[in-house]
Amino acid sequence: MQRIKFLGAAGTVTGSSYWLMDSDNKGILVDLGLFQGVEEPKIFDNERLYFEARDLTGVVLTHAHLDHCGRLPLLVQAGYTGPIYMTEATRQLLELSLFDSAKVMAESEQRRGERKALFSEEEVEKLLLLCRVVHYDKSFTVGNFEITLRDAGHILGSASVEVVDKREGFGPKKIVFSGDLGNTPQDLIRPTTPIIEAELVVMESTYGDRTHGGEDAVKVLTEEINAVEASGGTLLIPAFSLERTQEILHKIDHLKKNKLVRDETLVFLDSPMAIKATMIFKHFPELYNEELSGHAKTDDPFDFPGLVLVEKGAESAKIHEIERAKVIIAGSGMMAGGRILHHAAEFLPLTTTRLLQVGFQAVGTIGRRILDGEKKVRIYDAEVEVAANIRNVSTMSAHADQPRLMRWLGQIKGVKRVFLTHGEELPRLVLSEKIKNDLGMTNVVLPKMNQAMELG
């Protein structure tokens, strides 16, 4: 009898992790993500694994966002020596993400006296030796399971996971883990590959209660840059280093080439990780969508006049001395850490500042508090007044909205049960009712943290 245990992303959008067990209590792990921005550490415990590493026959990683990969080094700590499967792009971005995370945690431990780092750079190095690169649409075997990765269209290298039990008399035969589904079509990468059939579906629900709307992200970005050009102020864009930053760079490249914003307007990419991620993006033009792939043959889609790459902390601090119109792109996307915070502390109290939020803001993060309308936020050890103009553009999300989620699920034939994960309670409840009413799939489950269920 197969069982699945939901080790994360159950009632929250972080900490994705699912343990699929066969009849011998051996099984595979899909993702092992970091809990971010949560306020209940006893429930969302980054330091604890709720399984034995010796019971794993393999691990599959859907993509390189920290909420899906950020705890993988704990497997090394637990003695795991088996394979971890992923696409080549995910492998390169994983290395970047985990080394950056280890560095940040070490600095926090040493300089700020915060809690002990979750893992070290040495453990990341050991983990990378376990990585096995697989290709989209090419099946491979892990224990009793045949596994195939499909392009999820979320970020570069992202995948949905099809799992088929090869044994006779064991069911269900096919289980699908959606991973994070993309906001298809996107400016950068190929669209989400449809899943043809499955009996059980473990599906994300991040935006299960809303439609992204018809807001034109290019128009919004144009308006925001033009506004600081007129005022001489600062546009702050908190952005994830992977995908979102590259999307913004590509959009600004378009704006400058079409003279919709000034060439002389400085755009600071203040993130060593995002700079490195952009270099990785340039290595995988075959994963771009058709339009961008054509563009990239004659022009660098991520470079333009006025772009300044900021790697050193000292260079970052000097940005505050520049008294002219400027755009600052920096992580983290939820303002949960990173260089965006010292820029926010400097510029949020100014009425000439504009803050453009371009991604999901998890509960408990500074980005979410600002989005919810708080006029003062605590940054480091100080209360910072929020006098800046705040704007959120949901159309730049890398996550599918409700119509896209419904369309993706509705194409899958033979579905008997749906598990909604990677969503806060309201979005997944709304999506659950939508699935029941519109698709006639009545067996929709909202799993709880660390809940185990039989699948037969």
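Only one residue in 231, 293 is over 29 Å from residue 435 (Cα atoms) and touching a Pro at 6+ places or on another chain (Cβ under 9 Å), so which one is that? When all the criteria are applied, what remains is 293. Residues being under 22 Å from the mean Cα position of the chain (by Cα) and surrounded by 13 or more Cβ atoms within 10 Å (Cβ to Cβ) are entirely absent from the range 372-390.
If a residue has to be small (Gly, Ala, Ser) and touching a Gly at 6+ places or on another chain (Cβ under 8 Å) to count, how many in the range 150-196 make the cut? Count: 7.
Residue 353 meets each of the listed conditions (1) within 22 Å of residue 107 (Cα to Cα); (2) among the hydroxyl-bearing types (Ser, Thr, Tyr); (3) touching a strand residue (DSSP E or B) at 6+ places or on another chain (Cβ under 7 Å) apart from (1).
Every residue, every condition in (1) at pLDDT below 95; (2) closer than 23 Å to residue 382 by Cβ; (3) out of contact with any Ser or Thr (no Cβ under 7 Å at 6 or more places or on another chain); (4) assigned to a loop (DSSP other than H, G, I, E, B), yes or no:
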site: 261; (1), (2), (3), (4): no, no, no, yes
site: 280; (1), (2), (3), (4): no, no, yes, no
site: 291; (1), (2), (3), (4): yes, no, yes, no
site: 295; (1), (2), (3), (4): yes, no, yes, no
site: 298; (1), (2), (3), (4): yes, no, yes, yes
site: 335; (1), (2), (3), (4): yes, yes, no, yes
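The values are calculated or read from the model by the stated rules, or taken from the named source; none is laboratory data. The shown structure was predicted, so the numbers you read here are calculated from the model rather than taken from an experiment. Quick reminder, even Gly has a Cβ in these numbers, built from the backbone with ideal geometry, and neighbours come from all protein chains shown.
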